[in-house]
Amino acid sequence: MPRVFSGIQPTGDPHIGNYFGAMRNYVRLGEEYGKNSIYCVVDLHAITNPAAYDPATLAQRTFEMAVANFAVGLDPEKVIFFVQSQVPEHQELSWVFTALTPVGELERMTQYKDKAEQLESIPAGLLMYPVLMAADILLYKADTVPVGEDQTQHIELTREIARKFNHAFGETFPEPKAVYARDALRIPGVDGQGKMSKSKGEGSTIGILEPLDSIWQKLRVAPTDPARVRRSDPGDPEKCLIGDYHKLFSDLPTIETVYAGCRTAGIGCVDCKKMLMQGITRELTPIQERAGALRADPDRVRDALATGARQAREIARPVMEEVREKAGFLKL
Ligand code: AQP
């Protein structure tokens, strides 16, 4: 049976990019593979980006990320869900992998280059991020990794690290494959500045737990097709953020209505945004209600995370023992 692994960073409030790009696949695969689907809040990754890391908020964000995942439908009784730093084998395996990974390959990673160029002093952890990610996945010998398209290069490196380890020490790890949500490969930020991303700040994101009036304020000023200068100008919904979001939140008749209306200038951008807001409200309201109930019972969330970490370690420990033995460490 396939084994699924994925992680999500507690670098801010989870957004609709995370939701459609990854979290919904966690739920789908969780229903299919039960305890063979393993998910974690990757807090050790979150500290590698100084722009997004604040020790004063890390624990709360980690908790909130767990709440969000449970609220969208992940059932911690059915899957394994935990916090990365609670399973120290992630770091141990990561260190073994650093010994196999050329620095040049890490420096070629697009995400590293994008982040590094914004920093004056680059933490080594930022460079090592994909090595830790490879350890996250391979520690569970996972072969299936639900992620957004932005992680493609990192998954490719994970496959390479698995190959290198197997070649050096004997067949141990599978070469995992990414699984994408085909309709949500890379959801654009509501500011119109590239990929929606937590670490870019709230101006980029529509949070799945964000109050609906705050979401509306962002949509109201969100850029649309620049060709529509006046209400009477026709536009191209394929070149418009709001058109992209409709495909995620609206039913087919609504999508057809707003797409045709945009092309003929029969519908204005504000009305189009209002119709989108109806779809967003329909999708997010039940999730936000479930999150409210979970927040009201924090011990239940903490207990679920503690159980998840125990279950994860039961898988991780023997794999790490196998790695130690194959890599030649002294056994006492
Ligand atoms: N915009 C997106 N569209 C589709 N999928 C996305 N993912 C993230 N953004 C989009 C996928 O969500 C999962 C969790 O990724 P993450 O925690 O790295 O999310 P993020 O918002 O991208 O977080 P950060 O902190 O801002 O990270 P950086 O700056 O590194 O991107 C992943 O499967 C991701 O692909």
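Quick note: the coordinates plus some simple rules give every number you see, no bench work behind them. All of these numbers come straight from a predicted model, not from anything done at the bench. Positions of Cβ are backbone-derived with ideal geometry, glycine not excepted, and every protein chain shown enters the neighbour counts.
Relative to one another, the C-alpha centroids of the stretch 226-248 and the stretch 272-289 are positioned 19 Å apart.
Pairs over the 19 Å Cα-Cα cut-off, from the set Lys141/Lys164; Lys115/Lys141; Lys200/Lys247; Lys115/Lys239; Lys195/Lys274; Lys247/Lys274: Lys115/Lys141; Lys200/Lys247; Lys115/Lys239; Lys195/Lys274.
The label point for Glu92 and the one for Glu156, both projected 7 Å from the Cα toward the Cβ, are 3.3 nm apart.
Inter-part distance, the stretch 40-82 to the stretch 102-162, computed on C-alpha centroids, equals 19 Å. Once the Cβ-Cβ distance of Asp271 and Ala59 is raised to the sixth power relative to R0 = 35 Å, the FRET efficiency obtained is 0.25. Counting only Cβ charges, +1 for Lys and Arg and -1 for Asp and Glu, the dipole size of the chain around its Cα centre is about 240 debye. With coordinates expressed along the principal axes, the C-alpha atoms belonging to the stretch 110-243 extend over 67, 36, 29 Å, beginning with the largest. When the chain is treated as a Gaussian network with alpha carbon springs shorter than 10 Å, the biggest mean-square fluctuation among Phe63, Phe169, Phe20 belongs to Phe169.
Label point of Lys177 set 7 angstrom out along Cα-Cβ; within the stretch 90-125, no amide nitrogen lies under 17 Å from it.
Counting only Cα atoms, I'd like the Rg/Rh figure for the stretch 186-331, Kirkwood definition for Rh.
Details: Rg = 22.6 Å, Rh = 18.5 Å.
Here Rg/Rh amounts to 1.22.
Order of Ser121, Ser85 from fewest to most other C-beta atoms within 10 Å?
Neighbour counts put them in this order, fewest first: Ser121, Ser85.
Counting only the Cα atoms, the chain fills a convex hull of 144 Å³ per residue.
The C-alpha atoms of the chain define a longest principal axis, and helix 298-327 lies at about 50 degrees to it. Relative to the compact-globule estimate of 2.2 N^0.38 Å, the Cα radius of gyration of the stretch 62-145 comes out at 1.30. Rounding to the nearest 10 and keeping the result within 0 to 90°, find how far the Cα-based axis of helix 24-33 lies from the longest principal axis of the chain. In the chain, helix 24-33 runs at an angle near 50 degrees to the longest axis.
Set the Förster radius R0 to 56 Å, insert the Cβ-Cβ distance between Asp299 and Arg186 as r into 1/(1 + (r/R0)^6), and round the FRET efficiency to 0.05. The partial results should precede the final answer.
Details: r = 37 Å, r/R0 = 0.67.
Here the calculated transfer efficiency is 0.90.
Test of understanding: express the Cα radius of gyration of the stretch 211-291 as a ratio to 2.2 N^0.38 Å, with N the residue count. Could you put the intermediate results ahead of the total?
Numbers: Rg = 12.8 Å, N = 81, 2.2 N^0.38 = 11.7 Å.
Cα Rg divided by the expected 2.2 N^0.38 Å: 1.10.
How tilted is helix 269-295 with respect to the longest principal axis of the chain? Cα atoms for both, answer in degrees (0 to 90, nearest 10). Computed tilt is about 40 degrees. Overall shape of the stretch 1-70 was characterised from the C-alpha gyration tensor. The equivalent ellipsoid obtained from it has semi-axes of 24, 12, 10 Å, in decreasing order. Which residue, Ile80, Ile315, Ile155, has the most motion in a Gaussian network model of the chain that connects Cα atoms within less than 10 Å? So, out of Ile80, Ile315, Ile155, the one fluctuating most is Ile315. Applying the Kirkwood pairwise sum to the alpha-carbon positions of the stretch 250-332 produces a hydrodynamic radius of 18.0 angstrom. Of the GluC sites (Glu not before Pro) in the stretch 136-190, the ones in a loop by DSSP (not H, G, I, E or B) with at most 14 other beta carbons within 10 Å are Glu171.
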